[in-house]
Amino acid sequence: MPQDKNDISPTTFAERALYRLSDLPGEIGYVAFRKLKRRLQAKAELRFQREVNSLLESDLVLDLGANVGDLTELFALKGCEVHAFEPEPETFKLLKQRFETYANVHVHNAAVGVQDGEAELVVPSSFRENPRSASKASSITLDRYKSPDAIKHNVRVVNIIDFIFKCPRPPRLIKFDIEGAELDILEKFQMENLLSRETMVFVETHERLERKQLSRVKVLQEWARNQAVPYVNLFWG
């Protein structure tokens with residue numbers, strides 16, 4: 001069935017104006033894009049909460065970029081089967097400890113991508129002073145945090161496309177917060193029509209950290225708006 005997508009589309013006069021301005025080149029277009037995104041983020045959070053509240057014990061949820069598991073716990077307490085992925089080694093230890101007594105939570109010390117392998121995970125140097133906060137910014141794709149004093153790890157990368165196909169049932173909800181690596185995966189979903197009609201996807205995109213990715217994000221936003229199903233929200237987070 002078609003999904004209600006008013007929360008990922010410009011509907012008010014101000015939102016439609018910002019949407020048109022966002023096509024302008026240079027700083028004006030970028031500022032309009034960011035203002036529109038901030039408006040739609042509030043709607044995205046409400047939709048996310050609504051979908052979490054509707055989860056059932058029979059549902060499967062993927063938490064991509066779980067960090068220490070705050071949202072993982074939200075999903076787990078609904079009784080869902082949850083697969084939580086976190087590549088940063090020290091953060092993963094906390095995640096694993098937090099859910100060691102949860103039979104319905106499976107934790108994976110890995111990043112996710114479109115093919116299996118390894119990658120260099122770059123963690124900001126601020127991790128040394130504030131591990132919990134800085135680990136949220138670790139990335140296998142963004143150049144922003146690469147500096148002489150950055151922390152680097154070789155980490156496992158799981159082909160999330162294959163992983164989804166091997167699941168016993170389609171995920172009911174997929175949450176992305178993977179610092180730039182989301183675009184390759186979403187483009188794979190787009191090109192090959194890989195998502196189940198029932199799957200709800202919520203994505204934090206990171207074009208503010210690497211503006212050269214803005215055009216890719218815009219294309220994906222239009223794809224998400226124009227397909228009847230599934231529901232993909234690129235304004236969350």
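The values are calculated or read from the model by the stated rules, or taken from the named source; none is laboratory data. This one's a predicted model, so the numbers in the text were calculated from it and none came from an experiment. Cβ sites come from the backbone with ideal geometry, for glycine too, and all protein chains shown count toward neighbours. Just so you know, the surface numbers come from the protein's heavy atoms only, side chains and all, with ligands and any DNA or RNA stripped out. Shrake-Rupley method; radii C 1.70, N 1.55, O 1.52, S 1.80 Å.
Which one is farthest from Thr72 (Cα to Cα) among residues in the range 90-109 that are assigned to a helix (DSSP H, G or I) and open to solvent by 40 Å² or more (accessible area, probe 1.4 Å)?
Glu90
Among (1) assigned to a helix (DSSP H, G or I); (2) touching a helix residue (DSSP H, G or I) at 6+ places or on another chain (Cβ under 6 Å); (3) surrounded by fewer than 16 Cβ atoms within 10 Å (Cβ to Cβ); (4) of a type outside the set (A, V, I, L, M, F, W, C), where does Asp149 come up short?
Tallying (1) assigned to a helix (DSSP H, G or I); (2) touching a helix residue (DSSP H, G or I) at 6+ places or on another chain (Cβ under 6 Å); (3) surrounded by fewer than 16 Cβ atoms within 10 Å (Cβ to Cβ); (4) of a type outside the set (A, V, I, L, M, F, W, C), Asp149 fails exactly one: (1).
Output the residue which, of all residues in the range 8-19 that are in a loop (DSSP other than H, G, I, E, B) and without any contact (Cβ under 8 Å) to a residue 40 or more places away in the chain, is least open to solvent (accessible area, probe 1.4 Å).
Initially, the range 8-19 is screened for residues in a loop (DSSP other than H, G, I, E, B), giving 9-12.
Checking which are without any contact (Cβ under 8 Å) to a residue 40 or more places away in the chain leaves us with 10-12.
On the way: Pro10: 26, Thr11: 55, Thr12: 59 Å².
Among residues in the range 8-19 that are in a loop (DSSP other than H, G, I, E, B) and without any contact (Cβ under 8 Å) to a residue 40 or more places away in the chain, the one least open to solvent (accessible area, probe 1.4 Å) is Pro10.
List the pairs whose first member sits in the range 68-80 and is open to solvent by 60 Å² or more (accessible area, probe 1.4 Å), whose second member is assigned to a helix (DSSP H, G or I), and whose Cβ atoms are under 9 Å apart, counting only residues at least 6 apart or on separate chains?
Close Cβ pairs satisfying both conditions: Leu74/Val52; Lys78/Val52; Lys78/Asn53.
(1) part of a strand (DSSP E or B); (2) surrounded by 13 or more Cβ atoms within 10 Å (Cβ to Cβ): which one isn't true of Arg144, the others all being true?
Tallying (1) part of a strand (DSSP E or B); (2) surrounded by 13 or more Cβ atoms within 10 Å (Cβ to Cβ), Arg144 fails exactly one: (1).
Just checking, does the range 120-131 include any residue being open to solvent by 60 Å² or more (accessible area, probe 1.4 Å), assigned to a strand (DSSP E or B) and at pLDDT 95 or above?
no
Conditions tested, residue by residue: (1) open to solvent by less than 20 Å² (accessible area, probe 1.4 Å); (2) in contact (Cβ under 8 Å) with a residue 24 or more places away in the chain; (3) of a type in the set (Asp, Glu).
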site: Leu21; (1), (2), (3): no, no, no
site: Ala32; (1), (2), (3): yes, no, no
site: Arg39; (1), (2), (3): no, yes, no
site: Val61; (1), (2), (3): yes, yes, no
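Are there any pairs with C-beta distances below 9 angstrom linking a residue in the range 178-191 that is over 17 Å from Leu142 (Cβ atoms) to a residue that is open to solvent by 10 Å² or more (accessible area, probe 1.4 Å) and in a loop (DSSP other than H, G, I, E, B), with the two at least 6 apart or on different chains, and if so which?
Listed pairs, sorted by first residue: Lys188/Val114; Lys188/Leu194; Phe189/Leu195; Gln190/Gln227.
So Lys5 fits all but one of (1) closer than 26 Å to Gln221 by Cα; (2) surrounded by 15 or more Cβ atoms within 10 Å (Cβ to Cβ); (3) modelled with pLDDT of 95 or more; (4) over 16 Å from the mean Cα position of the chain (by Cα); what number is the exception?
Evaluating Lys5 over (1) closer than 26 Å to Gln221 by Cα; (2) surrounded by 15 or more Cβ atoms within 10 Å (Cβ to Cβ); (3) modelled with pLDDT of 95 or more; (4) over 16 Å from the mean Cα position of the chain (by Cα) leaves (3) as the failure.
Mind counting the residues in the range 200-237 that are hydroxyl-bearing (Ser, Thr, Tyr), open to solvent by 30 Å² or more (accessible area, probe 1.4 Å) and touching a residue at least 40 places away in the same chain (Cβ under 8 Å)? Explain how you work it out, then say what you get.
Initially, the range 200-237 is screened for residues hydroxyl-bearing (Ser, Thr, Tyr), giving 205, 215, 231.
The next check asks that each one be open to solvent by 30 Å² or more (accessible area, probe 1.4 Å); those that pass are 215.
Adding the requirement that they be touching a residue at least 40 places away in the same chain (Cβ under 8 Å) leaves none.
Within the range 200-237, residues that are hydroxyl-bearing (Ser, Thr, Tyr), open to solvent by 30 Å² or more (accessible area, probe 1.4 Å) and touching a residue at least 40 places away in the same chain (Cβ under 8 Å) number 0.
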